[in-house]
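Enquirer: Structure incoming, see below.
The values are calculated or read from the model by the stated rules, or taken from the named source; none is laboratory data. Since the model is a prediction, treat every value here as computed from it, not as a measurement. Here the Cβ is made from the backbone with ideal geometry for all residues, glycine too, and neighbour counts use every protein chain on show.
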């Protein structure tokens, strides 16, 4: 069978696909895609998985053809999804030079899944896929570049990029694993006494192992299916503050392909469970003109309150607020039992740009006060930093950003708190709270 090469695409894949198990009507691509010489679908794989279909086959329409533009040295994945029993054969030419084949490693254990890296661009590849009885079928073609945005640097512990463990819950992906890219590595600095959670989500079976060294010889904890479905969930409380390395692999046998999202966050902090009641409140450092940070802290359904004890002077104005993307609220009490309320706040103004609390308070008498922080929906998970200091900064337009700070960076007080002057991932109000430069995208709270 001869096929004329396209002048517009180099390194193209032509896929022949056949399926069976039930009767379906001819699809909208027929009859043009019935032969390699016909009008074929031209598909371009990217890092995000794409689909094409639904396609149908029957006794009068036994072949579907697809053309994909490929680059030499890049790894690609092609898979059929559905209930039909499919087999795939990949050829490097029309003379039958077989370079890869697969029958049952895909979805439902009956579909084909082929992962292949062309040695060079410039030639067509032919993927012939057959339903093993040459019967009727209904299917979707899935295709993508098999490597993810972090490859191949994350293939070893020594190449793992650093991830922050702060007042935010982090999710990233999609990440991919294949027969030639079997490991993804992540690096974190974990603080002793804090409890952290690392987990995967997705339809594939993944396995996580946490090490105290980049070479992967000193394992401290592992998990296979503690998360949702076949995903891992690793919870760990380090005894020593240090760098730790998480390795993720896929556990199908034989090793094939996995596509997953990765999440990590603080779930219990070093002050728990002592700070769960006013009688065990964490004592805050004496307050002066400097804005102080304390944390990060975590709240959950089993750890609903964080208590702080702070000494305040009569006539002095103080500010307490939270930073992070969790919805927190706070009460300031005159006693550790929490029966006499001095101040309360949930979402400080302007509400539309923040779900953090901010309490501004001037006591009438000198003595200890007790700050209680919780999620606004008590029992929900929250991660936050506590910030506190003396409130001595005028905010005439009441936008949460002191006038002097706005004039310093913007030249006026007209800049909105919800605007993003330097076009990074933080709005102006977030930059003020974090103490970073709102005009410099390289300045951020890490």
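Enquirer: Mind checking whether some residue in region 229-243 is in contact with a strand residue (DSSP E or B) (Cβ under 7 Å, 6 or more places away or on another chain) and under 30 Å from residue 390 (Cα atoms)?
Expert: no
Enquirer: For region 81-97, indicate whether the set of residues that are closer than 12 Å to residue 130 by Cα and out of contact with any strand residue (DSSP E or B) (no Cβ under 7 Å at 6 or more places or on another chain) is non-empty. So that I can check it myself, show each step before the final result.
Expert: Kept after step one, since they are closer than 12 Å to residue 130 by Cα, are these residues of region 81-97: 84-90.
Right, trim to out of contact with any strand residue (DSSP E or B) (no Cβ under 7 Å at 6 or more places or on another chain) and you get none.
Scanning region 81-97 turns up no residue that is closer than 12 Å to residue 130 by Cα and out of contact with any strand residue (DSSP E or B) (no Cβ under 7 Å at 6 or more places or on another chain).
Enquirer: Anything in region 61-103 that is more than 36 Å from the chain's Cα centre (by Cα), closer than 19 Å to residue 140 by Cα and not in a strand (DSSP E or B)? List them, or say none.
Expert: 62, 63
Enquirer: Given the residues 445, 426, which is the only one that is touching a helix residue (DSSP H, G or I) at 6+ places or on another chain (Cβ under 8 Å) and modelled with pLDDT under 85?
Expert: Details: 426 fails: modelled with pLDDT under 85.
Going through 445, 426 in turn, just one is touching a helix residue (DSSP H, G or I) at 6+ places or on another chain (Cβ under 8 Å) and modelled with pLDDT under 85: 445.
Enquirer: Test residue 51 against the criterion of being under 21 Å from residue 139 (Cβ atoms), loosely packed, with under 15 Cβ neighbours inside 10 Å and modelled with pLDDT of 80 or more, and give yes or no. So that I can check it myself, show each step before the final result.
Expert: Values: under 21 Å from residue 139 (Cβ atoms): yes; loosely packed, with under 15 Cβ neighbours inside 10 Å: yes; modelled with pLDDT of 80 or more: yes.
The answer is yes for residue 51.
Enquirer: Here's something else I'd like to know. Which residue, of 88, 96, 106, is modelled with pLDDT under 75, in the same structural domain as residue 52 (by TED's automatic domain parsing) and crowded, with 20+ Cβ neighbours inside 10 Å?
Expert: Working: 88 fails: modelled with pLDDT under 75; 96 fails: crowded, with 20+ Cβ neighbours inside 10 Å.
Step by step, each of 88, 96, 106 is checked, and only 106 is modelled with pLDDT under 75, in the same structural domain as residue 52 (by TED's automatic domain parsing) and crowded, with 20+ Cβ neighbours inside 10 Å.
Enquirer: Do you know which residues across region 174-215 are at positive phi and surrounded by 17 or more Cβ atoms within 10 Å (Cβ to Cβ)? Give the derivation first.
Expert: Quick first cut of region 174-215, residues at positive phi only: 193, 202.
Within region 174-215, 202 is the sole residue that qualifies.
Enquirer: Can you go through 432, 409, 388, 384 and tell me which one is part of a helix (DSSP H, G or I) and under 25 Å from residue 312 (Cβ atoms)?
Expert: None of the other options fit; the residue is 432.
Enquirer: Between 330, 290, 323, 281, which is over 30 Å from residue 207 (Cβ atoms), at pLDDT below 95, surrounded by 19 or more Cβ atoms within 10 Å (Cβ to Cβ) and not assigned by TED's automatic domain parsing to the domain that holds residue 177?
Expert: Values: 330 fails: at pLDDT below 95; 290 fails: surrounded by 19 or more Cβ atoms within 10 Å (Cβ to Cβ); 281 fails: at pLDDT below 95.
None of the others qualify; the one that does is 323.
Enquirer: Moving to a separate point now. Which of the residues spanning region 247-263 are modelled with pLDDT of 65 or more and not in a strand (DSSP E or B)? Outline the logic, then answer.
Expert: Step one: of region 247-263, the residues modelled with pLDDT of 65 or more are 247-252, 257-263.
Of everything in region 247-263, those that are modelled with pLDDT of 65 or more and not in a strand (DSSP E or B) turn out to be 251, 252, 257.
Enquirer: Consider residue 98 carefully, then state whether it is free of Cβ contacts under 8 Å to residues at least 40 places away in the same chain and in contact with a helix residue (DSSP H, G or I) (Cβ under 7 Å, 6 or more places away or on another chain).
Expert: Values: free of Cβ contacts under 8 Å to residues at least 40 places away in the same chain: yes; in contact with a helix residue (DSSP H, G or I) (Cβ under 7 Å, 6 or more places away or on another chain): no.
Here the answer is no, as residue 98 does not meet what is asked.
Enquirer: Any idea which residue in region 366-381 is surrounded by the most Cβ atoms within 10 Å (Cβ to Cβ), counting only those that are in a strand (DSSP E or B) and over 24 Å from the mean Cα position of the chain (by Cα)? Step through it out loud before you land on a result.
Expert: Taking region 366-381 as the starting set, the residues that turn out to be in a strand (DSSP E or B) are 367-375.
Keeping just the survivors that are over 24 Å from the mean Cα position of the chain (by Cα) gives 367-374.
Details: 367: 11, 368: 14, 369: 23, 370: 21, 371: 25, 372: 22, 373: 23, 374: 20.
Looking at the filtered set, the residue picked out is 371.
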